[in-house]
Amino acid sequence: MVKFGRNRKKVTAGQEERVWNRIDFLYSKLEEGNATEDELKQIDGISKIVMDVTGRSGKRKKETATPEELDELTRRDLEMLARTIGIEGMERRPNCPVGQVKQGKRLPFSRAMKYVGAGIAASLLLVLGISSYFDEKLTDGTDAMACHVIQCQNDSVLHLADGTVVHLAGGSNLSIAGDFGKKDRTVSLVGEAFFEVAKDKKKSFIVRTKEINAIVHGTSFNVTAYGGAVESRVAVRTGCVEVARGEQSFGKFHCGDRVVYDEAAGRAMHDKVNPDNIGAWTTGGFVLEDATVEELKIRVKNRFHRELVIEEGAIPADARINYCSYKPEQSGADCVMKNICTVYGTRYEISDNRIVVSR
């Protein structure tokens, strides 16, 4: 195994696996032509790291590189890296465990890159905007057990040990219980995530937030529970989800059901939403259904990395915001703010770190 001295930060096996899973996702979107601007920047960052660790010199890639240019760059760099570590032509590595890949089948970039060791993985964690650490309790403070906390700056896809897929929104934290999978499967969320839970009739999958919990065995649903927000939400796309607060169950809910818990009022409300809107953000969409102004600000900050400033009276503090777009090209900051401001007869100005809405 090749070792690189440029980055000696310790990376655990779990962290490394999340890196490769994320890279697989990025390259799949690149090859399909569906990579977003942020994802293209991440791929460009991966290319730069690969160039650094292989010692290749060259001019800095322009920021406005096309997907085709980026793809050519990454293929060239990774082929060089593959040869350096003994994977000829990105094919199956000698002594590779039987069944890992089919003979003659091209290894995904990230699978071949695994063999470079933890040095590059530590660097890629930074490029992908993922950090993780160990804590002694879940974020809701109800259990004093060891857990693994994952923080994402950008939207990320996590694959849990039981086969569950978690789409974690940028700016969110997911804590995984230390005994995950033994008696049940417990995670704790601050922020927003869409869960595609692997079926297991014997072990419940539990999502805990500060105010409410969601309990399932195998289904897909979205949970919104940002720190400091008044409302927490659970919306069900498929299957059945039980929503509870402590020992109090609010019932079991199915496709299109949404439960909104109002912390200030201390009550849960149930309504119906379009199932297609649930988790639409995971594919680049931007959806707000009856959202508070507070939630709008959080979404803008996490999605566009800008603070939303609403000057007095521009949008009423008690307004409920609705916006729906499934297409990434209609989900940029300019398009979102243009449509929202049209409803309220206001104008907006976008700068590097702020979006100001005014009359």
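Just so you know, all these numbers are worked out from the coordinates, no wet-lab data involved. What you see is a predicted model, and the numbers here were worked out from it, not measured in a lab. Please note: Cβ atoms are built from the backbone with ideal geometry, for glycine as well, and neighbour counts cover all protein chains shown.
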Open item on the list: Through the Karplus equation 6.51 cos²θ - 1.76 cosθ + 1.60, θ set to phi - 60°, convert the phi angles of the range 174-190 into ³J(HN,Hα) values in whole Hz; use x for Gly and Pro.
Closed with: 10, 10, 10, 4, x, 9, 3, x, 7, 9, 9, 10, 10, 10, 10, 10, 10
Open item on the list: Residues of the range 207-243 with the amide nitrogen closer than 13 Å to a label point 7 Å from the Cα of Tyr344, along Cα-to-Cβ, please.
Closed with: none
Open item on the list: Averaged across orientations, what area in nm² does the convex hull of the alpha carbons in the range 284-358 project?
Closed with: 4.3
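State the dimensionless ratio Rg/Rh of the range 232-359 (Rg: radius of gyration of Cα atoms; Rh: Kirkwood radius).
Over the Cα atoms of the range 232-359, Rg/Rh equals 1.01.
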TODO: Could you rank the peptides 167-175, 321-329 by their average count of other C-beta atoms within 10 Å per residue, with the highest value first?
DONE: 167-175, 321-329
Task: Residue-wise HN-Hα coupling along the range 216-233, computed from phi with Karplus coefficients 6.51, -1.76, 1.60 (Hz; x: Gly, Pro) - done: 9, 10, x, 5, 10, 7, 10, 10, 10, 7, 7, x, x, 7, 6, 10, 10, 9
- [ ] Take the alpha carbon atoms of the range 131-277, find their radius of gyration, then divide it by 2.2 N^0.38 Å using N residues; give the quotient.
- [x] 0.96
Task: Kirkwood hydrodynamic radius of the range 160-239, Cα pairs, Å - done: 12.5
Task: For Phe253, distant residues with modelled amide H under 5 Å away - done: Val241, Glu242, Val243
Task: Nearest-0.05 FRET efficiency for Lys201 and Asp290, computed from C-beta distance (R0 30 Å) - done: 0.30
